[in-house]
1. Could you go through region 423-435 and let me know if any residue there is closer than 13 Å to Gly542 by Cα, in contact with a Phe, Trp or Tyr (Cβ under 9 Å, 6 or more places away or on another chain) and either open to solvent by less than 20 Å² (accessible area, probe 1.4 Å) or at pLDDT 95 or above (or both).
2. I need the full set of residues from region 397-422 which are open to solvent by 20 Å² or more (accessible area, probe 1.4 Å) and not acidic (Asp, Glu), in order please.
3. If I ask for residues that are over 19 Å from Ala252 (Cβ atoms) and open to solvent by less than 60 Å² (accessible area, probe 1.4 Å), which ones from region 344-366 would you list?
4. Being free of Cβ contacts under 8 Å to residues at least 60 places away in the same chain, farther than 29 Å from Gly338 by Cα and either assigned to a strand (DSSP E or B) or open to solvent by less than 30 Å² (accessible area, probe 1.4 Å) (or both) is true for just one of Ser488, Ser507. Which residue is that?
5. Which of the residues that make up region 89-142 are acidic (Asp, Glu) and closer than 18 Å to Tyr191 by Cβ?
6. Looking only at strands (runs of 3 or more DSSP E) that fall completely inside region 81-134, which ones have 1 or more residues that are modelled with pLDDT of 95 or more, open to solvent by 30 Å² or more (accessible area, probe 1.4 Å) and hydroxyl-bearing (Ser, Thr, Tyr)?
7. Restricting attention to region 439-478, report how many residues are more than 19 Å from Gly377 (Cβ to Cβ), in a loop (DSSP other than H, G, I, E, B) and either of a type in the set (Val, Ile, Thr) or touching a Lys or Arg at 6+ places or on another chain (Cβ under 6 Å) (or both).
Amino acid sequence: MKRSSKRYPQIFLAAALSAALLLSGCGRAEPSGTAEAGQPDTMTETMGEDGSADVTNASETARPETEASAQPDVEDLLAEIRTAENGAGVSIHDPSIEVFDGRYYLFGSHMTGAYSDDLQTWTYIGNGYSPANPLFENLFADGLGIFDYAGDYGDGTYAVWAEDVIYLEEMEKYVMYFCVSSTYIKSNLCYATADAPEGPYVYQGPLLYSGFTAQDIGETDVYEYVDQTEAFSYLNGGQYNNSLWPNCIDPAPFFDAEGRLWMVYGSWSGGIFLLELDPATGLVIHPEADPENDVDPYFGKRLLGGGHISIEGPYIQYDEKSGYYYLYVSYGGLERTGGYQIRVFRSRTPDGEYVDMNGEAPSIASVHAKYGLKLSGNYEMPGCKYAYMATGGQSAFQDEDGKQYLCYHSRFDHGTEYHEPCVKQVFVNEEGWPVLAPYTTKGETLSETGYGMEEMAGTYFFINQGIGISDEIAQPQLVTLNKDGTVSGSVEGTWESTEGTAYMKLSCDGVTYSGVFCRMQDEAGTEVMTFSAAGNNQSVWGARYPE
């Protein structure tokens, strides 16, 4: 596309960064203090000493304010902006959205489901560990055996995590993939089916096992695909070698461009793995061993990670327009201060190789913070009461109108582990990388003809997500996109837009960020012009309010 090279006269002075920020964020009314229906979010997998905390978040280093700047104060400007305790109305962890017959269905951990007609307000279908939960048949019925292998926490309570539903035409069934666990490695990946998206889902059986030892490997189906001698390669000293092999949780099925059905799964431990599924049965198709391509006959192909680095919640989405498969994952610890965040890699084929903006990917026990485009972490943006924290556990979907979305859960900067699902539109930049809308969706549409200079130029609240994994919150600075194509304020550089489109570029500090402008509403419903762009595995967002 032809990019405009025309320069415009400067009409705005630079706006400098204020020293501190105390406002903004997103959340509902003050939470009760508990996030879940009687269960922890996940196993207590502690982030390893991978060095990632030493990676500096670009937004954490404030530029000194000069005497000559005499610019508006960020806090004063934020104080004038209407805020909202915005939220989805439900608390669902590891949310996954599917569109069935024009309605949005959300499924998540802890036997939870909900529906919506607008992606903003949700109504529970079922919630929590109860035999009466209408989303499922009674998973606790005698003789069902769903928890026989993984067991409970030792106190009679159980874990059912990361439900994800897909409709399989050959089966004429809605198929739910989920997992049960009792330790950070002992898990059972299972499936259930239903005749309607809201259930009830009837348990069909186990698919994969992890966390077995020399004593209980016989309770699994491993010997059906690997002989006894080879099976012991999964062990180290008689115990499951979780540095090399996966924790069988977080399943996410998807169809590729050719109509083949796959499932990506895995959490920490040996990394993220991929297996093909049979669309006629929903069952796993175990591959032939291919060590040169990292393909195991039982667990499938390793895509990323290993060595118990913090990587989990995988989800693969194919984008027909760009021709790429996007692999979304979460890094960090999922608690509010654990640095939980969303990263993305891409590949031309469903089974990889998946790489980031620098053509790289984390290997076993790597310092993984520098790998993967970071789309969202901890951040504050105007228009909300609380800062977002621990954004992750994501899934992706395409609406019937072709718009792409990312759904994830977020905690908030109010001192508890309460969380809610958030849905944001995903745009693909000129280089084929996803960028995330700064605010949750309210029906915005990206312009097909671009925007005028009066709409794009001006002073923006600006954040850089950086690449760090920590509890630091990226805070807004003030940046002015001048009409002459320069950038001034807390960062300096240049910007440009691609004529007749919504595409834009911003260059500062030696990095060029490529993305889009989009007019949308903030969390309080105020109309704002925004931009979202990515470069060097970092995401930058801006929001310009009416003068």
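The values are calculated or read from the model by the stated rules, or taken from the named source; none is laboratory data. What you see is a predicted model; the values in this text were computed from it and never measured. Positions of Cβ are backbone-derived with ideal geometry, glycine not excepted, and every protein chain shown enters the neighbour counts. Note: areas computed on protein heavy atoms with side chains; ligands, DNA, RNA excluded. Shrake-Rupley method; radii C 1.70, N 1.55, O 1.52, S 1.80 Å.
1. yes
2. Gln398, Gly402, Lys403, Gln404, His414, Gly415, Thr416, Tyr418
3. Across region 344-366, the qualifying residues are Val355, Asp356, Met357, Gly359, Ser366.
4. Selected residue: Ser507, the only one of Ser488, Ser507 that is free of Cβ contacts under 8 Å to residues at least 60 places away in the same chain, farther than 29 Å from Gly338 by Cα and either assigned to a strand (DSSP E or B) or open to solvent by less than 30 Å² (accessible area, probe 1.4 Å) (or both).
5. Listed by number, the residues that qualify are Asp94, Glu98, Glu137.
6. Those strands (runs of 3 or more DSSP E) span 112-116, 123-126.
7. Counting residues in region 439-478 that are more than 19 Å from Gly377 (Cβ to Cβ), in a loop (DSSP other than H, G, I, E, B) and either of a type in the set (Val, Ile, Thr) or touching a Lys or Arg at 6+ places or on another chain (Cβ under 6 Å) (or both) gives 4.
Okay, residues lined up against (1) modelled with pLDDT under 95; (2) under 19 Å from Gly128 (Cα atoms); (3) in contact with a strand residue (DSSP E or B) (Cβ under 6 Å, 6 or more places away or on another chain); (4) not polar (S, T, N, Q):
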| position | (1), (2), (3), (4) |
| --- | --- |
| Val165 | no, yes, yes, yes |
| Leu168 | no, no, yes, yes |
| Lys186 | no, no, no, yes |
| Gln239 | no, no, no, no |
| Asp250 | no, yes, yes, yes |
